[in-house]
Structures are given as structure tokens and as C-alpha cells.
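Heads up, the thing below is written out as C-alpha cells.
Quick note: the coordinates plus some simple rules give every number you see, no bench work behind them. These numbers were taken from a predicted model, which means no experiment stands behind them. Backbone-built Cβ (ideal geometry, glycine too); neighbour counts: all protein chains shown.
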Amino acid sequence: MKMTFRVQGTVTIDFGAATVDIGSLALTPDATAPSAPPPVSVPVPPPPPPRGVDQIDLSQAVLTAQSPDVRGWPIGASMTEIGLSASEGMSVNFTKRNGPNAWPIVMGAEGEIQYIGCKINGQWHIAGSILCISRGPNDNYVPTGPTLQPGQVPANWYYFAGNPLATYQPQPGEQVAWFVTAGVQRRTDIHTIAERTNVVLVPFSPGAYTF
């Protein structure tokens, strides 16, 4: 550290002895000398949740009676992307949507079911609501219309689920739970393997959310 001092008194320098005698001089720090700034504390953001891990306790969620109980199915795939819009259809992607390890299609061109969950009065409620028919690598959509349009979710997603979910409209920014299961579980249960993705939470707002 470099400091500047004012000297009060007499300084005697003996060049022959190559010494400097400052005696009992009073050395006071120069008030005008700049001091080192305090260290800046940079907050460390929390790490993102690990891929393949449920972001809610699915065992404590209330499942609509018209959806098979898939809460105990093992996680066999990971959610990778959810796209929400007020003007376009929803997009969903997960690690076994296509490719050599993709979940088998069980009903002609139709694929897996998508579950949605809302927290109502402190309790999570979930329902198997939308049958995803998009399995091509460049064809990723959920055929329901713009998800964020007012009234879209109760009218087209879980109108059959019973109260309180059937008439519930998530509010902008509200955290909503999503996951996907192998096979078809929209008020039925057709599957060749019992697997689901992990449950992810995203705000009910426009955006492309990746995991």
C-alpha cells in the first residue's frame, strides 16, 4: 500500500554515513491521499435446478379423477423446452420426443399426453389434458391454439377435470407445472412403457423456457 505523509519537524540527512535520521518526527497521513475502495460483493445467482428432477412434490399433488395416476411413474425423460405465447400454439420439447430412443407412438399418429398443474389455495392440482401429436424434429406444437389467450386453458385443456381446476385460469406470471407422459392418458390409459418426464415450473407468461 502506498501512503502520502506530511512531515512536521526537521529532517537531518547525513550523506557521509549514508543514513537518514528522522528522529522523533511526527508522521501524519495526508488526508488528501486516495484510499483503496472497499471490495465489491457480487451476489452469486442460485444454480438452475438439475435436469431430470421434479420441481414440485408430485406425490402431494391432487390428480383429477379422469386422469390415470402417473405420479409414481419413473422419470424416463427430461423436459428441455416450453414455449408460451398469446398468439401462437404452445411448443414442448423433451429428450425422448423423437430420435432412436423416442417413446413409442400408441394411437396412430398420436403421441404422448401433456399434464398441466396449477397451485390453487396452496394445493397443487394436476390433470392429463392435451394429447401431443407433434413428433417431427421440425414440427413442434401443441394443437390447442394460443395457450395464453384468456380462458384458453380451462376451455380447452382441463374442462373435464372437475373443480377447482376445471374453471381455473392461471394469472400472468403465475408459476404453472408441466410434464409429459408416454402413451395416451387423456381420460384413458394406453401405453406400452410407463415413463414420464420430470415436472418443471414456468411462469404463465410469453417466452421460450429451456431446462
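Note on GLN149 and GLU88: the model spin-label points, each 7 Å out from Cα along the C-beta direction, lie 1.6 nm apart.
Between SER205 and ALA166, full extension at 0.36 nm per residue minus the direct alpha carbon distance yields a gain of 12.0 nm.
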